[in-house]
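Report on the following structure.
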Amino acid sequence: MASFSYNTAAELFPAAIRKKKRAGFAYRRFDTAAAAVQFAIEELPADSLNGAYLQVDEARFDQSGIRTLYESQDFPLPRRPRAPEPAPATDKADADAA
């Protein structure tokens, strides 16, 4: 990624949803892009993040771009540990057949 500054102020805009009165969150301004990215990934529900965008200076990042910034080696904040994937459900019939 070409010289992105996580220390620059950023704005997070909700998705434009016409049928709903609220998009799950309102416009927010952050002192740093790192804080905005962290909030978007760790705090917003997936449906609120879908369609939202982050603006840093003149650059805009959609859901995919925000996730790329969060997963970058350059991301300066600690990431929330991922929840373990649930184990696949075993079917009782499969267990009886064994």
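Can you name the helices (runs of 4 or more DSSP H) wholly within the stretch 46-98 that have at least 2 residues being among the aliphatic types (A, V, I, L, M) and modelled with pLDDT under 65?
92-97
Looking at the stretch 25-41, which of its residues are surrounded by 18 or more Cβ atoms within 10 Å (Cβ to Cβ) and not in a helix (DSSP H, G or I)?
Within the stretch 25-41, PHE25, PHE30 meet the criteria.
Starting from the stretch 62-76, keep only residues that are without any contact (Cβ under 8 Å) to a residue 12 or more places away in the chain, then list their pairs with residues that are assigned to a loop (DSSP other than H, G, I, E, B) whose Cβ atoms are within a distance under 9 Å, requiring at least 6 positions of separation or different chains.
Taking only residues 6 or more apart or on different chains, the pairs are ASP62/GLY51; ASP62/ALA52; GLU71/ARG79.
Select from the stretch 42-51 the residues that are of a type outside the set (S, T, N, Q) and surrounded by fewer than 21 Cβ atoms within 10 Å (Cβ to Cβ) and list them in ascending order.
If the condition is that a residue be of a type outside the set (S, T, N, Q) and surrounded by fewer than 21 Cβ atoms within 10 Å (Cβ to Cβ), then GLU42, GLU43, LEU44, PRO45, ALA46, ASP47, GLY51 are the ones that fit.
Across the stretch 62-84, what is the total count of residues that are of a type outside the set (D, E, K, R) and touching a Phe, Trp or Tyr at 6+ places or on another chain (Cβ under 6 Å)?
1
The values are calculated or read from the model by the stated rules, or taken from the named source; none is laboratory data. Just so it is clear, the structure is predicted and the values come from calculations on it, not from any experiment. We place every Cβ from the backbone using ideal geometry, glycine too, and count neighbours over all the protein chains shown.
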